[in-house]
Amino acid sequence: MKKIQQYFPELTDKQLGLFAAFMPLFTEWNEQINMVSRKDINNLEVRHVLHSLAIAKFMPFNQGATIMDLGTGGGFPGIPLAIFFPETEFILIDSRGKKIMVVKEIVKALGLTNVKAIHGRAEETKVKCDFVVTRAVAKMDKLFNWTRRHLKNKHTHIYPNGIIALKGGDIKAEMKLVAGKPYWEMVEIRDYFDESEFEDKKVVYLQM
């Protein structure tokens, strides 16, 4: 909890309590169903929770907005963001049934009323949202093709609706594959957080 409090001093006692409850709950479930690697579970706060919250540094989601977390896995980045933005609706989607089952159980245990978890693929759903968030799911051209029909036409945030992805690697090479060459930008996560884990990690925004 120290890192979350360090970088987000504005969090309420309720939010801090939810983060404090989330991490041991996730760890307990991870012992039954492997959602993150064993070596990562001991550094859950930084490598998964804080990493997810880099999106909160980049984009302050509005009250009443709808955010789709595509390929949520064990609930990242969706659950940390849902705790951070309690007035924003989050729809967490994953094709792996066991992982969505765990996400549903964690959401229920935490009492998060702004989260809905769906077992399925993005192309099979009719969800409309303001932004799609994702972490290490696919290259940007595939994300663009999978999700652009889900974006609302009305823009209400400081950036137009689009994809916000947590990525590593050669982003410029990925973006060359995106059809139509839409606007995009990239922020180094080390601009937000000092931890060495984020040396090659980025927040990538792609306008739809």
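The values are calculated or read from the model by the stated rules, or taken from the named source; none is laboratory data. Keep in mind that what you see is a predicted model, and the values were worked out from it rather than measured. All Cβ positions, even for glycine, are placed from backbone atoms using ideal geometry, and neighbour counts span all protein chains on display.
Annotations
- Unique residue being of a type in the set (D, E, K, R) and assigned to a loop (DSSP other than H, G, I, E, B) when the list is Glu105, Glu87: Glu87
- Scan of segment 161-205 for residues that are closer than 17 Å to Ala56 by Cα, among the charged types (D, E, K, R) and not in a loop (DSSP other than H, G, I, E, B), ordered by number: Lys167, Glu185, Glu188, Arg190, Asp191, Lys201, Lys202
- Residue tally, condition closer than 20 Å to Asp194 by Cβ and either in a helix (DSSP H, G or I) or at pLDDT below 95 (or both), over segment 1-22: 8
- Unmet requirement for Leu25, which otherwise passes all of (1) without any contact (Cβ under 8 Å) to a residue 40 or more places away in the chain; (2) over 18 Å from Leu166 (Cα atoms); (3) assigned to a helix (DSSP H, G or I): (1)
- Of the residues Leu92, Leu81, the single one that is buried (at least 22 other Cβ atoms within 10 Å of the Cβ) and either in contact (Cβ under 8 Å) with a residue 60 or more places away in the chain or within 16 Å of Leu11 (Cα to Cα) (or both) is Leu81.
- From Ser52, Ser37, residue being hydroxyl-bearing (Ser, Thr, Tyr) and modelled with pLDDT under 95: Ser37
- Among the residues of segment 108-148, those identified as in a helix (DSSP H, G or I), surrounded by 15 or more Cβ atoms within 10 Å (Cβ to Cβ) and not basic (Lys, Arg) are Leu110, Ala122, Met140, Asp141, Leu143, Phe144, Trp146, Thr147.
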